[in-house]
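Student: I have a structure I would like to understand better, so I am pasting it below and will then ask my questions one at a time.
The values are calculated or read from the model by the stated rules, or taken from the named source; none is laboratory data. Since we're looking at a predicted model, the values are computed, not measured. Don't worry about glycine lacking a Cβ; one is built from the backbone with ideal geometry, like all the others, and counts go over all protein chains shown.
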Amino acid sequence: MNKILLIIQREYLTRVRKKTFIIGTVLFPLLYLGLIFGTGYIAEKNQPDLHIGLIDYSGLFTQERINKVNLGDSLNKINLISTDIEQFKLHYAENGFNGYLEIPATIDWKGKLDSFNMNSNKTYGIGAKVPIENKLNRIWTDIKNDSLGIDDAKKEILSSQINLKILNVNNQSANAGIATVIGYVCGFLMYFILLLYGSQVMMGVTEEKTSRIAEVVVSSVKPFQLMLGKIIGIAMVALTQFMLWIAFIFIVYNVGKNTGHAGGNMTAMVGQIQSVFTSVNVPLVLGTFIFYLLGGFFFYSSLYAAIGSAINEDMREAQSLSFPITMLVIFSIALMTPAISNPGSPLAVWASIVPFSSPIVMMARIPFGVPTTVPWWQLGLSMALLIAGFICTTWFAAKIYKTGILMYGKKPSWKEMIKWAFRK
């Protein structure tokens, strides 16, 4: 036992003292937020700002109606062209327009404004035409309402909608939007941690084997003790990093809460965090995340360790041998999306119980509520099977590790590695 503790201590301290650990701990939350919000911002900024001329032969469209939808929008504008129409068609680009639309004279307010073409010297994507379509549809709705004699008060009545709030059996409101966001964050965070630290286990084992350090170490400790100590040590590194991220969130929350009056952005951020705390059972989510993080890590990292012990100096072997394990993690992410869309479906239930996918899929379901969406028996069965799963994979990997860590010069296959596992 003391030998395992020494290996754990060595693996843990050598990694947390590295600059890469400190930089990764600080940068990962920023990069993750940048990935979520930055892609949307970049996509929005890259949308073209269209200035469209509207040539109306029907007499239904007026500049007053158009100005209502143009109000406050400097990005996409529509202007009615009523004079020098032919000259405008020839020189619209020179006058700062991206194109023009023609409303035929045969259209009347009782009919359907079917599809018609926008004339332009460029081809624009779907994202560029949506704002223009929305504005035209709003104008067309106003034309019909005015033609039917519907005043502003009646428009207000017609535009009112039902705001449906789903209540669970305990009469507590469940915020599906927040649960969905937390489900995706937990799932993808689990995905990144399993792949990142699982590959670290594999590479660490490979480096020790190729540098012949493993030969010296296994002369004083058993191969199983070496593998177990390495896995637990790296798991503690992953857990430390995760806890630092959680501490970072609480610090941001408390600082923003105390200084929220100083800035609107900080106040808005604190308000969003508060809505998470009130809508989701945070202690349960954090507790189960730590359990599934460790359980999933032990499940996959033992397999990565077995692969690392079988690899020689050719890193192409690592890619080919680890591909089936990596595909299991990717397949779990593929199952996460339908599980979040319908967390009570049979697919979501079974995917959250099977050990290879439960760390990701169950963490995507738990924010929707326990025991309302995820009954206690499903959570308990999932945890029990995950424990049984990583015990089996650890035993399986230890048998491979025992043979592979001291074997050199031969490129093994999965078939041969399985034979090592069942060798007495």
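Student: Filtering the stretch 1-29 down to residues that are of a type in the set (Ser, Thr, Tyr) and surrounded by 13 or more Cβ atoms within 10 Å (Cβ to Cβ), which residue is farthest from LYS222 (Cα to Cα)?
Tutor: Let us first name the residues in the stretch 1-29 that are of a type in the set (Ser, Thr, Tyr), namely 12, 14, 20, 25.
This time we only want the ones that are surrounded by 13 or more Cβ atoms within 10 Å (Cβ to Cβ), so: 12, 14, 25.
On the way: TYR12: 19, THR14: 21, THR25: 33 Å.
My answer is THR25.
Student: Considering only residues of the stretch 116-162 that are aromatic (Phe, Trp, Tyr) and at pLDDT below 80, which is nearest to ASN76 (Cα to Cα)?
Tutor: Result: TYR124.
Student: Six or more apart or on different chains, Cβ under 8 Å: which pairs go from a residue in the stretch 357-379 that's over 19 Å from LEU189 (Cα atoms) and surrounded by fewer than 24 Cβ atoms within 10 Å (Cβ to Cβ) to one that's at pLDDT 90 or above and basic (Lys, Arg)? Could you list them?
Tutor: From the stretch 357-379, the pairs are THR373/ARG365; VAL374/ARG365.
Student: Now for a separate question. Of the conditions (1) assigned to a loop (DSSP other than H, G, I, E, B); (2) in contact with a Cys (Cβ under 8 Å, 6 or more places away or on another chain), PRO367 satisfies every one except a single condition; which number is it?
Tutor: Result: PRO367 passes all but (1).
Student: Now a separate question. Residues to consider are PHE88, PHE97, PHE61; find the one that is over 29 Å from ILE231 (Cα atoms), in the same structural domain as ILE107 (by TED's automatic domain parsing), at pLDDT 80 or above and in a helix (DSSP H, G or I).
Tutor: Of the residues listed, the single one that is over 29 Å from ILE231 (Cα atoms), in the same structural domain as ILE107 (by TED's automatic domain parsing), at pLDDT 80 or above and in a helix (DSSP H, G or I) is PHE88.
A quick yes/no check of all residues on (1) closer than 20 Å to ILE405 by Cβ; (2) more than 24 Å from the chain's Cα centre (by Cα); (3) crowded, with 17+ Cβ neighbours inside 10 Å; (4) aliphatic (A, V, I, L, M):
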| site | (1), (2), (3), (4) |
| --- | --- |
| ARG212 | yes, yes, no, no |
| SER219 | yes, yes, no, no |
| LEU226 | yes, yes, yes, yes |
| LYS230 | yes, yes, yes, no |
| MET243 | no, no, no, yes |
| ILE246 | no, no, no, yes |
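Student: Look at GLU102 and say whether it is acidic (Asp, Glu), at pLDDT 85 or above and either closer than 30 Å to ILE249 by Cα or outside the structural domain of TYR197 (by TED's automatic domain parsing) (or both). Give the derivation first.
Tutor: Values: acidic (Asp, Glu): yes; at pLDDT 85 or above: yes; either closer than 30 Å to ILE249 by Cα or outside the structural domain of TYR197 (by TED's automatic domain parsing) (or both): yes.
Yes.
Student: Here's another thing I want to ask about it. Report, by residue number, each residue of the stretch 342-373 that is more than 20 Å from the chain's Cα centre (by Cα), farther than 19 Å from ILE330 by Cα and among the hydrophobic types (A, V, I, L, M, F, W, C).
Tutor: Hit for the stretch 342-373 is VAL370, nothing else.
Student: Considering every residue within the stretch 365-374, establish whether at least one is at pLDDT 85 or above, over 30 Å from LYS209 (Cα atoms) and of a type in the set (S, T, N, Q).
Tutor: Among the residues of the stretch 365-374, at least one is at pLDDT 85 or above, over 30 Å from LYS209 (Cα atoms) and of a type in the set (S, T, N, Q), which makes the answer yes.
Student: Which one of these is at pLDDT below 70 and touching a helix residue (DSSP H, G or I) at 6+ places or on another chain (Cβ under 6 Å): VAL280, VAL270?
Tutor: Just one listed residue meets the conditions, VAL270.
Student: Turning to a different aspect of this structure: Do we find that ALA388 is crowded, with 21+ Cβ neighbours inside 10 Å, assigned by TED's automatic domain parsing to the domain that holds VAL221 and either in contact (Cβ under 8 Å) with a residue 40 or more places away in the chain or assigned to a helix (DSSP H, G or I) (or both) in this structure?
Tutor: No: the conditions fail for ALA388.
Student: If you check SER301 against the conditions, is it under 30 Å from GLY404 (Cα atoms), surrounded by fewer than 20 Cβ atoms within 10 Å (Cβ to Cβ) and of a type in the set (Gly, Ala, Ser)?
Tutor: no
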